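Contents: one structure, followed by commentary.
The values are calculated or read from the model by the stated rules, or taken from the named source; none is laboratory data. All figures in this text were calculated on a predicted structure; none of them were measured in a lab. We place every Cβ from the backbone using ideal geometry, glycine too, and count neighbours over all the protein chains shown. Protein only, heavy atoms only, side chains kept; ligands, DNA and RNA dropped before computing areas. Shrake-Rupley method; radii C 1.70, N 1.55, O 1.52, S 1.80 Å.
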Amino acid sequence: MSRLLTMKDVWIEGRSDETWNPIINGVDLHLDKGEVLGLIGESGAGKSTMGLAAMGFCRDGVRISKGSVDFDGINLLKASAARKRALLGKRIAYVAQSAAASFNPAHRIIDQHTEGPVQHGVMSKSESERDAMELYAKLRLPDPENIGFRYPHQVSGGQLQRAMTAMAMSCRPDLIIFDEPTTALDVTTQIEVLASIRDIVEQFGTAAIYITHDLAVVAQMADRIKVLLKGDEVETAETRQMLSHPKAEYTKSLWAVREFKRPQKPAVHTSATPVVSVQGITAAYGKINVLHDVSFDIHEGRTVAVVGESGSGKSTTARCITGLLPPRGGVIEFDGVALPLDYRKRNKHQLRQVQMIYQMADTALNPRKTIGEIIGRPVEFYMGLKGRDKRRRVEELLDEIELPADRYIDRLPSELSGGQKQRIGIARALAAEPKFIICDEVTSALDQLVAEGILKLLARLQDERNLSYMFITHDLATVRSIADEVVVMKDGEVVEQGPKTDMFRPPHHPYTDLLLSSVPEMNPDWLSTLLAERGIDNIGDAAVGKMNQE
Amino acid sequence: MSVWLQIIGVLVACLALGWLLRFAGERVTGGRPFFRDMSLSVAFGYVVAVVVLIWIIWSYYLARTLVAPEVNKYFFFRLAIEGFLLFAAAAWLFRLLGRSVGTAGSKKLFRQMPLTASFGLFTILIYALLAIFAGVIAPHGQEQILQGVAANIPPGGDPAIGGSADYPLGTDQIGRDILSRLIYGAQNTVGIAFATTCLAFFIGGTLGFLAATLGGWLDQILSRTVDVLMAIPSLIFALLLMTIASAWAGSEKGLLTFYMVIIIAVIDSTRVFRLARAVGVNIVVMDYIEAAKLRGEGLTYLIFKEILPNATAPLLAEFGLRFCFVFLTIASLSFLGVGIQPPLADWGTMVRDLAQFINFAAFAPRVASAPLLAAGAIALLTVAVNFVVDWMLHRTTGLKE
């Protein structure tokens, strides 16, 4: 195979506080025609910066200080702006993490699709539209002939991500850079997008750089994997070899994350009063029913994981329990006593007992308050501590969540990393000294290593304080590691529930089966095997054939 | 017609020069990206900027060398250039001072401050000092008609055209010292404008956040009321209400000023309401607000402790703009005769009283500058406040490199 892209000794710096700080420290990268390279690492490792540098581009306030980027004999760092314009979009394309944020909401999808080919003079507008429809069919988008004429907000997130991949393909580029294209999607959607991307990259022999922090995903997509850590290369190897024999310690630790498993606690005595008992909850937004007759119990010191894809009613159930969305019917009991359904009617004591940890720590912490104020408020509000007592309690809580109090107490949330912010969210919930905590997708916005730390912390706190958790997630790996019992939800109904050990053992409800099998595994053949099992191997081609017949 | 031809000719010449600049630059520097990737329009812009600069310098040279009556044509131009340089130098010195004096935090603040912001701060500081210490600084009283002094002494203190060194800015039509009245005007106009803006923000901000937090029918009632108030042109509305208010107030001039503050505050609070509500609605949906609600926090805590700190940036920006508008409204009302009542000194009234001197601009620019002094004071403060607000907005929204 011939060499397509060579990046030699690339150094990249970013400007902050009037100095240049290193982002990438002398990383080499090369890519052959038709090869897929996986670029992995935790956030801040410089994956995206490296991906953009492969296009000879860097963001504002960032510069490539040293090194060379050679794309098919063209030095991208020295090329003129006009020359790069002719190249980007036509021979090198980019698929961003959030398609929703990358499409212009004011134009139809297909108009944005055809812009590239028409600008670069590859195809006429009508040819390009015809081609777009074929690509949509290949990417298994529903109704490929018409979907392009919708506006971005009229299609789902997964469909939009595929439309963006189609757009990147529109000029049949030699190289596509995928920057975490499936991170924002849930498992069942992720599968479809992954399979589509892999098919189309194989069909056109396109080379790709696939950036992600999910090892299992990269194992399905890449021929070769490169691991980055804080701007340094850790190691590079063929996918199979990397998975079976990682060399560096850091890589091994990444691999080991998925091994974290808390021992299952013995089943509770059936006569024990559950901490929280949800009985026949029905809820609606306006006239649309979103929950139908949902019931489950959460016992003391146990974790109940609520699983399902987006829109299945997991978070709505949490909103019902907290009282933010008073259910239409049903009863919520706490320690055997019925709670008022509306949170405004609950007293301070009842509010204190049910705490919540949010998915996005960024929006869950007031950005204008210091850590001390954020954690101190519930301490003051519920416990009535003031002044020095309050500060001492906050320090204790920071200690609990393994953050040094003296360094963090006066910082603002924006000065913390994602994992640290999530820990502050936990501390704020703990400050109320509750019996029951709702964890709403607390780890899904985090890297695996950081997420593992959070899960371990939650497990430890549960053991120490005999807390009960309701753990909402779509990630079954998380369920496997932390849950005692599992509730599977779909379309606002409970499909299946029971102890974890039963849930992971067949026979399953078909939906549970679909969820379970959709979780990527660290086996490079997993996706192919799965698609073969589901019998959707070449649906893309079949769809094109069908469309042409019509 | 020939003027248009000249302009087109100059622009074409600039375009050619731009092309030449780019070509030469690329040759001389050996293909530096700066010249290589420069588009023709950018090169054209550089050339036009240079041409305008040369024209300004040439005009200024003429203004310094010509004698009357030709120099009269350049009088205001020269004033503008010299004023600009003076203020730039003052701002630069002020920033230098800030960088070397004070705490580490304030030094850092001044180090990152653009020159425009330091100019704005400097100007506002001077206005504030003048307003606070008006009684000490001003050589005469604001209502004092100077005995034995002629009326309408032109500013500049040049005896050749009837000026007097004792009254550097001259006297007005009934023989009051304009400098003293300008200084007292800072107290009256700026002070009242500041109080009015604060009141407008208190009313509009509180109601806006309340509407955003509670929503429902309260939001509907408040928003529709504001829509109705905003549908009426504000100056006409203010004039109408002021007419009614002057009937109520009768001969009580202090009471009329009080009514004016209330009227302008209410009218301007509609704009603040709209902004506060729009910003508030975006903040209310955040998870931290939900967390506070679930904690059982009351409405006051939610609005003032959770929402307000996150809305300060846009509100502050609006405060600066709103202050200017209020200030101009008061000046306009005074100019129309229903605002701040004589004999209190007020910049709007001063412009009106001396307005007829504008006609002298062509042949006696010094005389014509009398009404422009108060107008200039208004303009300068407006510009200064906007500079500071821009800078604050830039800082708080984190639009850093």
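Listed values, structure above:
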quantity	calculated
Flag for B:Ile289 being crowded, with 19+ Cβ neighbours inside 10 Å, at pLDDT 90 or above, touching a helix residue (DSSP H, G or I) at 6+ places or on another chain (Cβ under 7 Å) and within 23 Å of A:Met356 (Cβ to Cβ)	yes
Residue selected from the stretch A:377-425 under the condition in contact (Cβ under 8 Å) with a residue 40 or more places away in the chain and open to solvent by less than 20 Å² (accessible area, probe 1.4 Å), by the criterion farthest from the other protein chains (Cβ to nearest Cβ)	A:Ile401
Contacts under 9 angstrom Cβ, first residue in the stretch A:152-166 being within 14 Å of A:Ala96 (Cα to Cα) and not assigned by TED's automatic domain parsing to the domain that holds A:Arg108, partner at pLDDT below 85 and surrounded by fewer than 21 Cβ atoms within 10 Å (Cβ to Cβ), 6 or more apart	none
Residue list for the stretch A:339-351, filter: open to solvent by less than 50 Å² (accessible area, probe 1.4 Å), part of a helix (DSSP H, G or I) and within 8 Å of chain B (Cβ to nearest Cβ)	A:Tyr343, A:Leu351
Helices (runs of 4 or more DSSP H) lying entirely in the stretch A:45-118 (those with 2 or more residues that are open to solvent by less than 10 Å² (accessible area, probe 1.4 Å))	A:47-53
Out of B:Gly208, B:Gly185, sole residue that is in a helix (DSSP H, G or I), assigned by TED's automatic domain parsing to the domain that holds B:Asp346 and within 30 Å of B:Arg366 (Cα to Cα)	B:Gly185
Every pair of residues 6+ apart whose Cβ atoms lie under 6 Å, when the first sits in the stretch B:310-333 and is under 16 Å from B:Ile283 (Cα atoms) while the second is modelled with pLDDT under 85	B:Ala313/B:Thr396; B:Ala313/B:Thr397
Only one of B:Gly296, B:Gly337 that is open to solvent by 10 Å² or more (accessible area, probe 1.4 Å), within 14 Å of chain A (Cβ to nearest Cβ) and on the phi > 0 side of the Ramachandran plot	B:Gly296
The stretch B:218-243 residues that are under 15 Å from B:Gly204 (Cβ atoms), paired with ones that are at pLDDT 90 or above and surrounded by 13 or more Cβ atoms within 10 Å (Cβ to Cβ) (beta carbon under 6 Å, 6 or more apart)	B:Asp219/B:Ala211; B:Leu222/B:Leu207; B:Leu222/B:Ala211; B:Val226/B:Thr270; B:Val226/B:Phe273; B:Leu229/B:Thr270; B:Met230/B:Thr270; B:Ser234/B:Ile267
Checklist (1) open to solvent by less than 40 Å² (accessible area, probe 1.4 Å); (2) within 29 Å of B:Met260 (Cα to Cα) applied to B:Leu328, failing item	(1)
Among residues of the stretch B:241-286, those that are under 30 Å from B:Phe304 (Cβ atoms) and more than 23 Å from the chain's Cα centre (by Cα), counted	12
Residues located in the stretch A:360-372, provided they are within 8 Å of another protein chain (Cβ to nearest Cβ) and touching a residue at least 60 places away in the same chain (Cβ under 8 Å)	A:Met360, A:Ala364, A:Leu365
Pairs where the first residue, in the stretch A:311-339, is within 18 Å of A:Glu300 (Cα to Cα) and the second is outside any strand (DSSP E or B) and of a type in the set (Gly, Ala, Ser), C-beta under 9 Å, 6+ apart	A:Ile332/A:Gly323; A:Leu339/A:Gly323
For A:Leu39: the one exception among (1) outside the structural domain of A:Asp131 (by TED's automatic domain parsing); (2) farther than 30 Å from A:Arg150 by Cα	(1)
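Okay, residues lined up against (1) open to solvent by 20 Å² or more (accessible area, probe 1.4 Å); (2) in a strand (DSSP E or B); (3) facing chain B (nearest Cβ under 10 Å); (4) not aliphatic (A, V, I, L, M):
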position: A:His292; (1), (2), (3), (4): yes, yes, no, yes
position: A:Ser312; (1), (2), (3), (4): no, no, no, yes
position: A:Ser315; (1), (2), (3), (4): yes, no, no, yes
position: A:Ala318; (1), (2), (3), (4): no, no, no, no
position: A:Glu333; (1), (2), (3), (4): yes, yes, no, yes
position: A:Ile374; (1), (2), (3), (4): no, no, yes, no
